[in-house]
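Worksheet: one structure, shown below.
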Protein chains: 2
Amino acid sequence: MTPAAERVLEVAGKLFYDNGIHAVGVEGIASEAGVTKKTLYDRFGSKDALIAQYLRRRDERWREHLIRVVEQRGRISPSRRLLLVFDALEKWIADENPRGCAFVNAHAELPDATHPGRDVIREQKQWLLEYLRTLAREAGARNPRKLATSLLVLVEGATVTTTLGVVPGAVGNAKEVAKQLIESS
Amino acid sequence: MTPAAERVLEVAGKLFYDNGIHAVGVEGIASEAGVTKKTLYDRFGSKDALIAQYLRRRDERWREHLIRVVEQRGRISPSRRLLLVFDALEKWIADENPRGCAFVNAHAELPDATHPGRDVIREQKQWLLEYLRTLAREAGARNPRKLATSLLVLVEGATVTTTLGVVPGAVGNAKEVAKQLIESS
DNA sequence: ATTGAGGTATACCGACCGGTATGGTTACTA
DNA sequence: TAGTAACCATACCGGTCGGTATACCTCAAT
């Protein structure tokens, strides 16, 4: 990844997320990144490929953030680690996600199932589900897959309701529900 | 609402939902509805106004559907009525919502908080929360507001995860969690 | 009988879209 | 020292965008 490409990807990430994908032109991305359109196309090939890269980059950031919070050192029980997911989410929304889940938003704008970005979206949610499942298993859940599914629903629901601004304390609420679920499983 | 306007709104609803708002041009809507652009602009004034009308119409349809399922005749306990929300959701997703919540999707495409469509989005979620609160109160919940919030999180989360295709049985899962929440409240 | 509302058809506007072409500059490297 | 990768700047391509203008038609209500 060349320096110019790095700048393009950073700017694209900000503009795509803040304004929506279709609302942002490659011209604007290039100029804001201090790069010519030619360079952008030399590095990424097409806008669609750039979109996929944007999503991939964001996925990496989210995974790192989540893992950093959940797998922090200290004597924490596996059940409590599972709840840390919601703490990570709350911080993520506050710091980097005021306009909702980038993947849900991208999915809304990319109806074509063959779009390269769609793979990234699928992988992102799939990974999160698997991660929750692993944590659930470590927490000794009788049915880790089922608990993980419930938790994913809570995470996604809390994200949507928070960013739509109807329920400010949705993440905390979801965490409480999760606590109850974990205890009774 | 003139016949031509009705056709425009119907076509716009289908195209906006299926393809995303920005991806659809007024030209395409007009021609598909068998109407000239002039007529479209005479009736709706602008694309943004048409977007707001599209959302309003869809909100009406969802409310009618939900109420029809939840308030069906028969001897049903208030607690069970609360669970019927998830049956209504499952049918709604299968019949009319394969690409996710139209309001969440629209929110992703309309970052400008002053856009006329944003009011409709806010009202839609607000109404649903209020409706759930009423049902929760009738079901004898100790804290109806809190229960309603939890249920809204479950509804939104189930919708997102289902339409993203990661968890096919998400609505059923959410319903089970809801059942547990209702019983313990 | 006239008027006005609700249409039709066509043409136009400036602006922007994603993407390409040409050509030149710098800097590292084989 | 020759070559190449990574940029720069500018101009261009066909097509589409939201929105407007002009002119004509039909039909029900005053």
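No lab work stands behind these numbers, since they all come straight from the coordinates. Bear in mind that the values here come from a model prediction, so they are computed numbers and not experimental data. Glycine also receives a Cβ, built like all others from the backbone with ideal geometry; neighbour counts cover every protein chain displayed.
A simple charge model with +1 on the Cβ of Lys and Arg, -1 on the Cβ of Asp and Glu and nothing else charged puts the dipole of chain A at about 620 debye relative to its Cα centre. The chain B residue nearest the rotation axis shared with chain A, using its Cβ and rounding the distance to whole Å, is B:GLY157, 1. Distances between copies at A:ARG75, taken between label points 7 Å from Cα along the C-beta direction, are 5.7 nm in increasing order. Reducing the stretch B:1-22 and the stretch A:55-126 to their Cα centroids gives an inter-centroid distance of 34 Å. Charging the Cβ of each Asp and Glu at -1 and of each Lys and Arg at +1, and nothing else, the dipole of the protein assembly as shown about its Cα centre rounds to 1100 debye. Label-point spacing at B:ASP18 relative to the other copies reads 3.5 nm, in ascending order, each point sitting 7 Å out from Cα along Cα→Cβ. Placing R0 at 22 angstrom, the Cβ-Cβ distance between B:THR36 and B:ARG99 gives a FRET efficiency of 0.15 after rounding to 0.05. With +1 assigned to the C-beta of every Lys and Arg and -1 to the C-beta of every Asp and Glu, and no other charges, what is the dipole magnitude of the stretch A:87-174 about the Cα centre in debye, to the nearest 20? That gives the stretch A:87-174 a dipole magnitude of about 440 debye. Taking only the C-alpha atoms of the protein assembly as shown, Rg followed by Dmax gives 21.6, 69 Å.
The Rg/Rh ratio for chain A, using Cα coordinates for both the radius of gyration and the Kirkwood hydrodynamic radius, is 1.03. Subtracting the Cα-Cα distance of B:THR2 and B:HIS65 from 0.36 nm times their residue separation leaves 20.2 nm of extension gain. Placing a label point 7 Å from the Cα of B:SER77 along the Cα-to-Cβ direction, the residues of the stretch B:163-178 whose backbone N falls under 19 Å from that point are B:175-178.
Modelled spin-label separation between B:ASP18 and A:ASN143, with each label point placed 7 Å from Cα along the Cα-to-Cβ direction: 3.8 nm.
Look at the dipole of the stretch B:90-185 built from charges on Cβ: of B:GLY117, B:ALA102, B:VAL160, the Cα furthest out on the positive end belongs to B:VAL160.
Between identical copies, the spacing of B:ASP112 label points, each set 7 Å from Cα toward the C-beta atom, reads 2.7 nm from nearest to farthest.
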